[in-house]
Amino acid sequence: MENFLLKYDVHSIRGELLLPSGAQVDESLIAEFVRNRNDKVSKEYYFAELGSPLADLTRFLAKPPYNAIFSDPAETEEILAIMGQVRLLEPVIDSLDYFREKDFHTYRHSLMVFALSTLLARHLYPNDRTALLGSLAGPSHDLGKSCVHVEILQKKTPLTRPELAMLKHHVFAGYIQLSFYTGDPRHLTAQVARDHHERRDCSGYPRGTGNFTELVEIAILSDIYDALISPRPYRPVSYDNRSALEELTKMAEKGQVGWLALKALVAFNRRNRPDYQECEVSLERRGMPPANNVYGLIAEENDGDSGGTGS
Ligand SMILES: [Fe+2]
Ligand SMILES: [Fe+2]
C-alpha cells in the first residue's frame, strides 16, 4: 500500500488517540502501530446477541424499498440467520450505540448496508462462509465517521472544502481503527472501510484505485444504493427506487461499478425475482431525481465539484 498523510486525528470510539494528524502512514507504521496495541484484543459478540440494532433492523426492513427486496419470508429469515452469526467487535458495537444517539442516519445506513451486502453476497457467492465474509464489513464500513464532527455529518447546506476533506477522512480513519481493533490491516473490515468510496474507473477516493475485490464491490454498491434511497441531512427527499437504480446504471455504464452486483440488486427489486445472471437492466431513464439535493456541491463556489456518490 502506498503512503498517505493523515490530515486529522484518528481516535477510538471512546476518545483515545490512535494516530495523530500529520502522521505519514505507510506499511511499516501500520505494522508497528498494530504491534504496539498492547494486546488490546477486543471482545466480539454475535449480531444475534444485540438488542436494539436487531430490533431496529427488523423495523427498517419492513419499509420501502427494503420490504420489496426482502419480500420472501424464508429468504429473509435465512439472511437474518447469516447476519446473526456475524461477530462484531466491541468497538463496532459501541459505534452503533454512538451513531444511534448522535447521527441516526449513519446508524440506520450501517445496518442497511449490512443487510444488503449479506443478501448480495449470499446470491453472488452462494457459499455460507463467503457470504459471511462479505457481510461482516457492513456494520463498520463507516466507523471512521466517529472521527468526523457530528455538525459536518448533519449539515444541511453544501460543505466547505475543509469540511468535505474532514468528511473524506472517515475512510482512512476507519481503516486505521479497524486495523487496530482486528490487529490486521488486511482484514476485510479494514479494507472495506478504506475502499468503499473507490470506483472501478479510479474516480473514487481516497486512493483513486480500481484495485479492490468483489467483496469490497458488494459493499460499494450497497453503500451507494442505500445512500440514494435514504433521506439525508443534505437531501430531505430521497431518490425514489427507480431513480436510484438508474443512477447506479449510469455508474455501471461509465465503468464505475460492476454490472454483476447491479444486476443482482435490480433482480431483487423485480416482483418476479429473475435469476440475476439473466436479468436485463433497463437503460431507459424514467426516474425523477429529487429536487434540492445539495450533495456534492461545495459551499464557496457551488461549482458542482462532486464529492462522489455514496456515504
Ligand atoms: Fe456508507
Ligand atoms: Fe462512507
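Quick notes on this structure:
- Just one of the numbered conditions (1) open to solvent by less than 10 Å² (accessible area, probe 1.4 Å); (2) within 15 Å of ligand 1 (Cβ to nearest atom) is not true of L167: (1).
- Condition met for R199 (over 20 Å from S135 (Cβ atoms) and within 15 Å of ligand 1 (Cβ to nearest atom)): yes
- Sole exception among (1) open to solvent by less than 20 Å² (accessible area, probe 1.4 Å); (2) more than 16 Å from ligand 1 (Cβ to nearest atom); (3) acidic (D, E) for E101, by number: (1)
- Looking only at region 192-234, residues that are at pLDDT below 95 and aromatic (F, W, Y) come to 2 in all.
- Meets criteria (of a type outside the set (A, V, I, L, M), in contact (Cβ under 8 Å) with a residue 24 or more places away in the chain, within 16 Å of ligand 1 (Cβ to nearest atom) and open to solvent by 30 Å² or more (accessible area, probe 1.4 Å)) for Q177: no
- Listed by position, the helices (runs of 4 or more DSSP H) contained in region 123-194 that have at least 1 residues being within 22 Å of N211 (Cα to Cα) are 128-135, 161-182.
- Test: residue in region 106-126 that is open to solvent by less than 10 Å² (accessible area, probe 1.4 Å), over 19 Å from G15 (Cα atoms) and either more than 16 Å from ligand 1 (Cβ to nearest atom) or modelled with pLDDT under 90 (or both): yes
- Where D195 falls short, out of the listed (1) surrounded by fewer than 20 Cβ atoms within 10 Å (Cβ to Cβ); (2) within 13 Å of ligand 2 (Cβ to nearest atom): (1)
The values are calculated or read from the model by the stated rules, or taken from the named source; none is laboratory data. Computed from a predicted model, the values in this text were never measured in an experiment. Note that each Cβ is placed from the backbone with ideal geometry, even for glycine, and that neighbours are counted across all protein chains shown. The area values use the complete protein model at the heavy-atom level, side chains included, leaving out ligands, DNA and RNA. Shrake-Rupley method; radii C 1.70, N 1.55, O 1.52, S 1.80 Å.
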